[in-house]
Amino acid sequence: MSSVAAAQAAPRHAWRELWLISVGHGLTHWYPATFYLLLPLIGNELGLSYSQIGLVITCQHIASAVANVPGGVLVDTVGRKGLLMGISLFWVGFPYLLIGFTHSYAMLLLCIALVGFGNSLWHPTAIPTLGNRYPDRKGLVLSVHGMGGNVGDAIAPVVIGAALAVFSWREVVVLNVAPGLVVALLMLAFLGTIRLGAKKGKSDGAGHGQSLAHYVQSLGGLLRNRALALLCVSSCFRSMTQVALLTFLPVYLANDMGYSPAIVGACLFALQAAGFAAAPVAGHLSDRMGRKQIVIASMLTTGVVLAAMAFAGGSPIFIGLIAVLGFFMYATRPVIQAWLLETTPRHMGGSGIGVLFGAQAIGAALGPLAAGLVADSHGLLAAFYFLAATIVIANVFVFWMPKTAEQ
């Protein structure tokens, strides 16, 4: 078994797959980050209410939640991982192109749901692929993959904001499809032969795909995996915290603190840039010190920082804490992914990641709504206390994780 796994692992100097997959991950974040910037313009043109605008984002996360588990099944039963990543990247970008030609709210919802379906293929494919190609460096490698997402989140608003000064939003979405198409073709060219799974209907833990019958046999054990369940529930609450923060932090900065869009954008860039810096540090430390210690410390600090921000209110301290928050909040993401791969059989990695991201999508759909209700009842700063509570709840489930060799 070890010799087979070693054969599938990439040589230490072969980092091409890592960088190309990380660039692709950046683009899967680039398009949603672009859409957040375009959504107010689309809402104004189509005459949408705030609830209709909110439903657009909720629709994307619901579609993602529904599709992640079937996406994991597809990944674990199909051997062509490079092909699936190329299809996923195209599927994420192409619906945004269609949005540029729609004048119907119903069609807008359909297109954004397609984005959610496309995203559901990426993580169950890319994360197990990287974990198996670089088995001794899971934390570090997945942190680099996560950094690609941070770069997409941080740079897209800056680039698209500048483009909107020259082009209409419809022209921007048409031009914006080109980077995803180019990288999707590169993935098909360079990674299309990557296969991870099992040969001839069986699983050796590192082969080439598995039959549906063998997959069903393995599914029962996966569903009884206590560690997988605890990580998924914890990640659900963590996603509630992250997505609700991304929803209401700009609102607080603009409406309560009176900052211009440029300053609000700079604050969001600081949040993402800090996450970019945190990912490799947390990933490397988790490879050396253990996953549990890093996740608990990062989540606990995130809760403390959120509570401090709520207490600081509109003072300069609030602004100073944004980068600190980004560092610790995003530090846990690649560590949790690496940890889940270590608690899941190799041939079921895609399904494990699919379940994880399905749980995260549920949290992402519920978080903004719950935080909004709290803000309506008790004020916007109360929402930050609420988010501090959700990340503490996420940490409680990590405390209950069973001991493993990797911890």
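The values are calculated or read from the model by the stated rules, or taken from the named source; none is laboratory data. Small disclaimer: the values here were computed from a predicted structure and weren't measured. Neighbour counts run over all protein chains shown; Cβ positions are idealised from the backbone, glycine included. Just so you know, the surface numbers come from the protein's heavy atoms only, side chains and all, with ligands and any DNA or RNA stripped out. Shrake-Rupley method; radii C 1.70, N 1.55, O 1.52, S 1.80 Å.
Please determine, by comparing only the residues of region 378-406 that are modelled with pLDDT under 90 and open to solvent by 80 Å² or more (accessible area, probe 1.4 Å), which one is farthest from LEU321 (Cα to Cα).
The selected residue is ALA405.
If you go through region 150-185, how many residues are open to solvent by 50 Å² or more (accessible area, probe 1.4 Å) and not in a helix (DSSP H, G or I)?
Residues in region 150-185 being open to solvent by 50 Å² or more (accessible area, probe 1.4 Å) and not in a helix (DSSP H, G or I): 4 in total.
So, in region 271-293, how many residues would count as being open to solvent by less than 10 Å² (accessible area, probe 1.4 Å) and among the hydrophobic types (A, V, I, L, M, F, W, C)?
Matching residues across region 271-293 total 4.
Would you point out which residue out of LEU325, LEU340, LEU321, LEU356 is open to solvent by less than 10 Å² (accessible area, probe 1.4 Å) and under 23 Å from CYS267 (Cβ atoms)?
Residue meeting the stated conditions: LEU325.
Say we look at region 359-377 and pick out the residues that are of a type outside the set (A, V, I, L, M, F, W, C) and open to solvent by less than 20 Å² (accessible area, probe 1.4 Å); which of these is farthest from THR241 (Cα to Cα)?
In this case the residue turns out to be GLY372.
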